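This report concerns only the one structure given below.
The values are calculated or read from the model by the stated rules, or taken from the named source; none is laboratory data. These numbers come from a predicted model, not from an experiment. Here the Cβ is made from the backbone with ideal geometry for all residues, glycine too, and neighbour counts use every protein chain on show.
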Amino acid sequence: MQLQYDCLVAGAGMAGAVAARRLAEAGGKRVLVLERRDHIAGNAYDCLDEAGVLIHRYGPHIFHTNSRRVFDYLSRFTRWRRYQHRVIANLPRDNPEEVPARQTADGRFSFPVPFNLDSMKAAFGAGEGERLGRKLLDAYPAQDQVTILELRQNPDPEIAAIADYVYQHVFVHYTMKQWGQTPEEIDPNTTARVPVRLSRDDRYFQDAYQGMPLEGYTAMFRNMLDHPNITVALGQDVRERLDLSGEVLRFDSEPFHGAVLYTGPADELFHLTYGRLPYRTLDFRYETFPVDAWQSHGTVNYTVDGDFTRITEFKHMTGQSLPGVTTVMKEYSRAYTGAEGETPYYAIISPENSALYERYRALAGRFPNLHLLGRLAEYKYYNMDAIALRALELCDTLLKGDERHG
Ligand SMILES: Cc1cc2nc3c(=O)[nH]c(=O)nc-3n(C[C@H](O)[C@H](O)[C@H](O)COP(=O)(O)OP(=O)(O)OC[C@H]3O[C@@H](n4cnc5c(N)ncnc54)[C@H](O)[C@@H]3O)c2cc1C
């Protein structure tokens with residue numbers, strides 16, 4: 001039987017949905033999207049919980065980009081709610097007697113992250129924080145931020161001490177919770193790059209375009225996939241229909257020569273032939289409270305203590321108007337084992353793991369029409385905008401190739 005599709009896309013997340021729409025629209029291709037979950041939108045999926053609160057099922061997602069192309073492209077499928085993400089660190093006082101500024105009754109306090117001039121005041125007290133802040137501005141007059149490596153290299157011991165403070169109170173414990181390794185074990189250069197902002201700018205992202213889809217991510221994806229040339233099949237694992245064992249790629253047992261864009265895990269596509277690619281996974285614990293708001297910010301990072309990394313309260317981000325009820329979510333990070341129901345979230349980038357990935361990529365390379373696209377297929381962290389751009393650019397290349405051969 002002749003398949004009535006020109007292209008296959010495995011996965012209806014950002015990579016798959018953007019590519020499917022582009023191929024269907026600009027290329028006039030008939031695209032079949034297979035998604036193994038029972039919903040579209042990949043990890044950006046949002047839905048109402050039992051209390052009616054709009055939650056993000058796979059971790060909080062905030063859209064931000066400097067790419068005009070991506071912003072314009074996605075803006076065709078959603079209007080945006082203006083939202084700029086702000087995050088605070090919540091931590092215990094080292095010495096509760098010492099600095100009473102902004103301390104709460106439980107001996108904890110908070111400050112904006114990334115660490116900025118206001119964080120300095122909260123950490124060291126108003127007067128001392130102001131003085132140290134001025135010292136930094138004098139030392140780095142032409143910069144809007146400075147890394148803790150630069151601070152450490154400064155001959156002034158007070159400036160070097162700020163680097164140590166930030167490292168200890170913002171970075172090292174949080175990184176351990178997130179990755180199960182010290183920052184140095186992961187990559188000594190990451191530590192060097194931790195920024196201190198030389199301003200009071202407390203926006204978590206500084207990109208030109210920031211916001212949340214007004215009706216939510218799932219609605220945006222639904223609009224994107226709503227095209228006469230696109231067919232979406234949910235609950236379908238592409239591996240059950242794709243055969244990569246021979247010289248030619250087969251779909252439903254027939255040779256298939258159209259483009260196949262695979263956005264799932266690279267190792268799973270080849271039945272873990274060389275073993276599993278290592279990932280971190282997350283456990284999410286939700287709690288609903290009978291109050292309008294439970295915490296002051298969309299995300300609060302627990303940078304020093306606790307076994308979870310952060311608490312997210314969705315209503316801050318989504319702007320949902322729902323009086324008297326709110327849902328928060330705690331995130332616990334641990335090693336991914338591949339067990340049923342686990343999601344691989346963060347690729348653990350190391351020379352060894354990258355080498356393993358390259359072996360899988362070489363297997364995929366045997367099929368000229370098979371393209372690995374996305375955070376899982378490319379074993380790489382992408383923000384949503386970055387993978388949307390990558391999907392658009394891959395489609396540009398594929399469509400140009402058609403023009404050349406057409
Ligand atoms: C906790 C967390 C928070 C994040 N927050 C942000 C944020 O605030 N802002 C931001 O820009 N980015 C954020 N990201 C990154 C964002 O999630 C990614 O950019 C995005 O998910 C990448 O899209 P994707 O299509 O590559 O992958 P996914 O969204 O994972 O989509 C892949 C899809 O493929 C499907 N699939 C897999 N295997 C198969 C198969 N064999 N057959 C059929 N379907 C299959 C999966 O079910 C999934 O739906 C965050 C990531 C995490 C982990």
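Being in contact (Cβ under 8 Å) with a residue 24 or more places away in the chain, in contact with a helix residue (DSSP H, G or I) (Cβ under 9 Å, 6 or more places away or on another chain) and either under 21 Å from residue 72 (Cα atoms) or not in a loop (DSSP other than H, G, I, E, B) (or both) is a property that residue 376 lacks. Is at least one residue of the range 310-318 under 20 Å from residue 88 (Cα atoms), surrounded by fewer than 16 Cβ atoms within 10 Å (Cβ to Cβ) and of a type in the set (Asp, Glu)? No: the range 310-318 contains no residue that is under 20 Å from residue 88 (Cα atoms), surrounded by fewer than 16 Cβ atoms within 10 Å (Cβ to Cβ) and of a type in the set (Asp, Glu).
Going by what's in this entry, would residue 9 be described as in contact (Cβ under 8 Å) with a residue 60 or more places away in the chain and within 12 Å of the ligand (Cβ to nearest atom)? So residue 9 passes the test. Can you confirm whether residue 52 is at pLDDT 95 or above and within 6 Å of the ligand (Cβ to nearest atom)? So residue 52 does not fit the description; no. Evaluation of residue 41 against the conditions (1) within 30 Å of residue 324 (Cβ to Cβ); (2) within 14 Å of the ligand (Cβ to nearest atom); (3) over 19 Å from the mean Cα position of the chain (by Cα) shows that the sole unmet condition is (3).
Scanning the range 242-252 for residues that are of a type outside the set (Val, Ile, Thr) and more than 9 Å from the ligand (Cβ to nearest atom) yields 243, 244, 245, 246, 247, 249, 250, 251, 252. Pairs meeting the criteria (first residue in the range 244-262 and within 13 Å of residue 9 (Cβ to Cβ), second residue away from the ligand (no atom under 14 Å from the Cβ) and at pLDDT below 95, beta carbons under 7 Å, at least 6 apart or on different chains) are 251/3; 256/3. The set of residues from the range 283-309 being outside any loop (DSSP other than H, G, I, E, B) and aliphatic (A, V, I, L, M) comprises just one member, 300. Those helices (runs of 4 or more DSSP H) of the range 145-227 in which at least 2 residues are touching a strand residue (DSSP E or B) at 6+ places or on another chain (Cβ under 8 Å) and not assigned by TED's automatic domain parsing to the domain that holds residue 122, considering only elements entirely within it, cover 217-225. Checked against the criterion of being under 25 Å from the mean Cα position of the chain (by Cα) and of a type in the set (Val, Ile, Thr), the candidates 231, 263 yield just one match: 263.
If the condition is being closer than 29 Å to residue 276 by Cβ and either in a loop (DSSP other than H, G, I, E, B) or outside the structural domain of residue 29 (by TED's automatic domain parsing) (or both), then the range 242-260 contributes 244, 245, 246, 247, 248, 249, 252, 253, 256, 259. With respect to the conditions (1) over 21 Å from the mean Cα position of the chain (by Cα); (2) part of a loop (DSSP other than H, G, I, E, B), residue 239 falls short on a single one, namely (2). From the list 386, 377, 347, the one residue that fits, being among the hydrophobic types (A, V, I, L, M, F, W, C), surrounded by 15 or more Cβ atoms within 10 Å (Cβ to Cβ) and closer than 16 Å to residue 61 by Cα, is 386.
Name every residue in the range 310-337 that is among the hydrophobic types (A, V, I, L, M, F, W, C) and in a strand (DSSP E or B), in order of residue number. If the condition is that a residue be among the hydrophobic types (A, V, I, L, M, F, W, C) and in a strand (DSSP E or B), then 311, 328, 329, 335 are the ones that fit. Inspection of the range 371-379 finds no residue satisfying the criterion of being more than 30 Å from residue 185 (Cβ to Cβ) and among the aromatic types (Phe, Trp, Tyr).
Quick check on my filter: what residues within the range 261-281 are buried (at least 21 other Cβ atoms within 10 Å of the Cβ) and part of a strand (DSSP E or B)? Correct list: 261, 262, 279.
Which residue is farthest from the ligand (Cβ to nearest atom), if the candidates are limited to the range 73-84 and must be assigned to a loop (DSSP other than H, G, I, E, B) and aromatic (Phe, Trp, Tyr)? So, considering only residues that are assigned to a loop (DSSP other than H, G, I, E, B) and aromatic (Phe, Trp, Tyr), the one farthest from the ligand (Cβ to nearest atom) is 77.
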